[in-house]
Amino acid sequence: FARKTLIYRGRNNMISETNIVHTRDYSRAGLWLLILGIVLVASNLRAPLTSVGPLIGVIRDDTGISNALAGMLTTFPLLAFALLSPFAPKIARKFGMEMTLLVSLLVLTAGILLRSVPVVGALFWGTALLGMAIAMGNVLLPSMIKQEFPKKMGLMTGVYSVSMNLWAAIASGISIPLAQGIGFGWRGSLLFWALLSAVSLLVWLPQLRYRHQRSAAAQGTVAPAANLWRSRIAWQVTMFMGLQSLCFYVIIAWLPEILRQQGVGSSSAGWMLSLMQFVSLPATFIMPMLASRSSNQRMLVGITSALLLTGYIGLLGGSILFMPLWIILIGIATGSCFSLAVMFFALRTRSVHEAAELSGMAQSIGYLLAAVGPTLFGFIHDATHGWNVPLIMLSIVAVLLFIFGFGAGSSRYVLSEEKNIR
């Protein structure tokens, strides 16, 4: 694959990068090694987090920490995502995406090791470290896909999304068997995921050979970064990312409790949560390919939002007979929404640097909403003594998701004919 860059002079005589096809000269083995590296990096973006949820009660009882502190084990990484995401593109621009992702895998492995040390403080410091590392991968991997697979963005985004969500589900499912069935204990169960990050680090290592090549090639071709914080389309993409994150994490946190209050047994409620994650996988893979082949994504946004709204209204009705149907609709919708949000980073930008900047902006706001969502909706439940009001609010969020997604799904770019955003 050869490098091809088109440059034009815009307003104020600025030189801007409009299209990058490839900056690497691949052999077939090198191409497959890159794809494997992307799949493995993606597999680390959720598994170290979702492995904690099933073990929260055991960790709390063993360490003697409060419920509030135990909850911070899931909130810390989300806050790290929100705080670090805007800086990821700047770090990558200075050191290269390949090096930045490699260091993030190294920090991730260190964080997983640290949180398994038998000291309470190490548990939280390790969690904070791995949250910072994952934040870098969250932002940069979609940009890497845009850069290296511009004609296969839909397919590669689907592969990346499925890998991330599949390993997230696997981590949730095997945490208890690793801790209790095999006898690793909760620390050994959490430590297990250092194997995955270490293998990913070794597989990613060969990508460093391209770092200097890309840095030299990119010098002098890219204009100063646009101020996306003043772009209407950028904000629409950001709010779509944020609202879908809020919906997902609220449902992940509270769906079993919602179902139990409606008369579903604890075991069945847990299986319903697993069903939701399982059915999201095909949608997560298919939606990016549909989005990449469409001139705009407004119809896809409409269908996805309608499925989500229907699922929430169905849960509000409380019919146990149709409960699996509502869960399936919500699972399909949440998987589709995430993939659409990731695709918007590439589809609404012209260059790799713009994609990274938009990804950082959207994920910063998105994961901040995700961090406060479960706590906020739990507070509303406590105040109203039921789940009807929270479900009504989630239905309103689904409508807002459509409104912002309709704008994000347009065929325009974040810089297209928008004034005063530089």
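Considering each of 128, 133 in turn, give the residue that is assigned to a helix (DSSP H, G or I) and surrounded by fewer than 24 Cβ atoms within 10 Å (Cβ to Cβ).
Numbers: 133 fails: surrounded by fewer than 24 Cβ atoms within 10 Å (Cβ to Cβ).
Only one candidate qualifies: 128.
Mind telling me which of the residues 404, 377 ends up being open to solvent by less than 10 Å² (accessible area, probe 1.4 Å), in the same structural domain as residue 260 (by the TED database) and over 28 Å from residue 92 (Cα atoms)? Even if it seems obvious, please write down each step before you answer.
Working: 404 fails: open to solvent by less than 10 Å² (accessible area, probe 1.4 Å).
So the residue among 404, 377 that is open to solvent by less than 10 Å² (accessible area, probe 1.4 Å), in the same structural domain as residue 260 (by the TED database) and over 28 Å from residue 92 (Cα atoms) is 377.
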Region 27-43 residues that are modelled with pLDDT of 95 or more, paired with ones that are loosely packed, with under 14 Cβ neighbours inside 10 Å (beta carbon under 9 Å, 6 or more apart): none
Flag if residue 188 is surrounded by fewer than 19 Cβ atoms within 10 Å (Cβ to Cβ), within 25 Å of residue 106 (Cα to Cα) and modelled with pLDDT of 85 or more: yes
Subset tally (residues that are of a type in the set (A, V, I, L, M), touching a residue at least 60 places away in the same chain (Cβ under 8 Å) and surrounded by fewer than 21 Cβ atoms within 10 Å (Cβ to Cβ)) for region 265-297: 4
Subset of region 34-49 (residues that are open to solvent by less than 10 Å² (accessible area, probe 1.4 Å), under 19 Å from residue 131 (Cα atoms) and not in a loop (DSSP other than H, G, I, E, B)): 38, 41, 42, 43, 47, 48
Residues that are in contact (Cβ under 8 Å) with a residue 24 or more places away in the chain, assigned to a helix (DSSP H, G or I) and more than 27 Å from residue 357 (Cα to Cα), drawn from region 94-125: 112, 113, 115, 120, 123, 124
Filter pass, residue 150 being outside the structural domain of residue 352 (by the TED database), within 23 Å of residue 338 (Cα to Cα), open to solvent by 10 Å² or more (accessible area, probe 1.4 Å) and at pLDDT below 90: yes
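The values are calculated or read from the model by the stated rules, or taken from the named source; none is laboratory data. All values derive from a computational prediction rather than experimental measurement. Note that we place each Cβ from the backbone using ideal geometry, even for glycine, and neighbour counts take in every protein chain shown. Just the protein is used for accessible areas: all its heavy atoms, side chains included, with ligands, DNA and RNA removed. Shrake-Rupley method; radii C 1.70, N 1.55, O 1.52, S 1.80 Å.
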